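Here, each number is a calculation from the coordinates, and none is a lab measurement. All figures in this text were calculated on a predicted structure; none of them were measured in a lab. No Cβ is skipped: glycine too gets one built from the backbone with ideal geometry, and neighbour counts run over all protein chains shown.
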Amino acid sequence: MASDLEAGAVDAAWLTKRLRGAGVLREASVTAVTSKPVGVGMLGDSIRFEVAYDGDEGAPASFVGKFASADPTSRQTGAGFGLYEREVGFYREVAHTVAIRSPGCVSAEHDPADGTFALLLEDLTPSRPGNQLTGCDIADAERAMEQAAALHGPRWNDETLRDHSFLNVSGAREFVIQVFPDCLAEFHRRYDGVLEPEYMAVCDRYGALMANATVHPPTSFTLTHGDFRLDNMLFDARGGEVPLAVLDWQSPAIGVGAVDVAYFMGLAISIEDRRRHERHLLEYYLEQLRGFGVRDYDYDALYRDYRMTLLSGVSTAVFASASTKRTERGDAMFLAMARGGCAQAIDCDALALMG
């Protein structure tokens, strides 16, 4: 029997059931639905549904649905790492506890038996989607720092985060250490002669140090996004009503807030702009944190955490390139990740913190 949580299962009755369950509809029903794929997700498929009703109850004319990837390799990765469960958990359990602007959620469902999931979300169009390959200017980067602080600030050092089991990724580091050599070998196979030698050397050195790296105890923790990059952002959403909305909550975790900041800055702005504006953006993020009552965290602590976590971009480039279906856009994205992250690591001497 086909799962109810697949894009192909969505029809007027499917939508009516969920819209009534969320209180979006009272007595009216969906009478017609048209669908169109949207987004460029590596592990999930997003569909925009335009709907018609048999009565006017003020319900939206469109929604966005998100489902497990139709590609078997990507779906296996998403389900195997619990990413679908974690995205559903974010919307069900913690989205309402933070100030970051994410899509409003109508319904969030997950079937662990077959790894399927379905989200029915607010449609934030018209908007200006972020693009990892073209990057952004400093004004957009400031909007991203505002949203990072809006995620991190409300749950700063909040012990109750540990009550959410889906945020526990304690075994992830050990798994990455175990599989990283094979992923790095695949990364070499794909990108030797394409990625600059000095950047490939950073990847190799990172792989060599990873297993025995010095682990620095964090001085703070919060809720992190885990994939805080331009492809997961909509600027000027809802026709400019929303300056920035952040999507794709498949990797939330308890961690150091600087990981999202470092990941974004290494991947979203040019190497030259990052060098020129790095301190300003870090100070701007810190200023935004102050607005959420974070006082016991100064620039030196932030910069240490920034250096300590910025290799996440390199790790993601190597690991994800070997774990998802290969595409032309994927190759371009992983190379951009590697270049930005490796240049960042060289400039900040991040590898020195590992040994």
* Asked: What ³J(HN,Hα) values, in whole Hz, does the Karplus curve 6.51 cos²θ - 1.76 cosθ + 1.60 give for the range 289-297 when θ = phi - 60°, with x put for Gly and Pro?
  -> 4, 4, x, 9, x, 7, 10, 8, 8
* **Size of the range 7-122 as Cα extents on the principal axes (Å, biggest first)** => 42, 32, 26
* To do: For the range 262-271, take each phi angle, set θ = phi - 60°, evaluate the Karplus expression 6.51 cos²θ - 1.76 cosθ + 1.60, and give the result in whole Hz per residue in order, putting x for glycine and proline.
  => 5, 4, 4, 5, x, 10, 9, 10, 4, 4
* **Cα gyration tensor shape for the range 123-199, rounded if a/c is under 1.5, else prolate or oblate** => oblate
* the chain - charge dipole about Cα centre, Lys and Arg +1 at Cβ, Asp and Glu -1, debye rounded to 20 -> 220 debye
* To do: For a footprinting-style exposure proxy, rank Ser3, Ser170 by other Cβ within 10 Å, fewest first.
  => Ser170, Ser3
* **GNM top mover of Glu87, Glu328, Glu196 - the chain, alpha-carbon springs below 10 Å** => Glu328
* Structure fact -> Connecting every pair of Cα atoms under 10 Å apart in the chain and solving the GNM, the largest mean-square fluctuation among Ala68, Ala95, Ala172 falls on Ala172
* **Relative contact order (%) - the chain, alpha-carbon pairs under 8 angstrom, separation at least six** => 18 percent
* Asked: If we count other beta carbons within 10 Å of each Cβ, what is the order of Lys325, Lys36, fewest first?
  -> Lys36, Lys325
* **Loop-located GluC sites (Glu not before Pro) in the range 224-294 whose Cβ has at most 15 other Cβ within 10 Å (DSSP)** => Glu241
* Mind checking which lysines have their Cα closer than 21 Å to the Cα of Lys36? Skip sequence neighbours fewer than 8 apart in that chain. => Lys17, Lys66
* Structure fact -> Most fluctuating of Asp56, Asp248, Asp227 in the GNM of the chain (C-alpha, under 10 Å) is Asp56
* Structure fact -> Given backbone amide H placed at 1.01 Å from N, residues whose amide H is under 5 Å from that of Leu247, ignoring those fewer than 5 places away on the same chain, are Met233, Leu234
* Structure fact -> Karplus ³J(HN,Hα) for the range 334-348 (6.51 cos²θ - 1.76 cosθ + 1.60, θ = phi - 60°; Hz, whole; x = Gly/Pro) runs 5, 5, 5, 4, 5, 4, x, x, 5, 4, 4, 5, 5, 4, 9
* Structure fact -> Least to most buried among Tyr84, Tyr199, Tyr285, by other C-beta atoms within 10 Å and fewest first, runs Tyr199, Tyr285, Tyr84
* Asked: Binning every alpha carbon pair distance of the chain at 20 Å from zero, what are the percents per bin?
  -> 29, 58, 12, 0
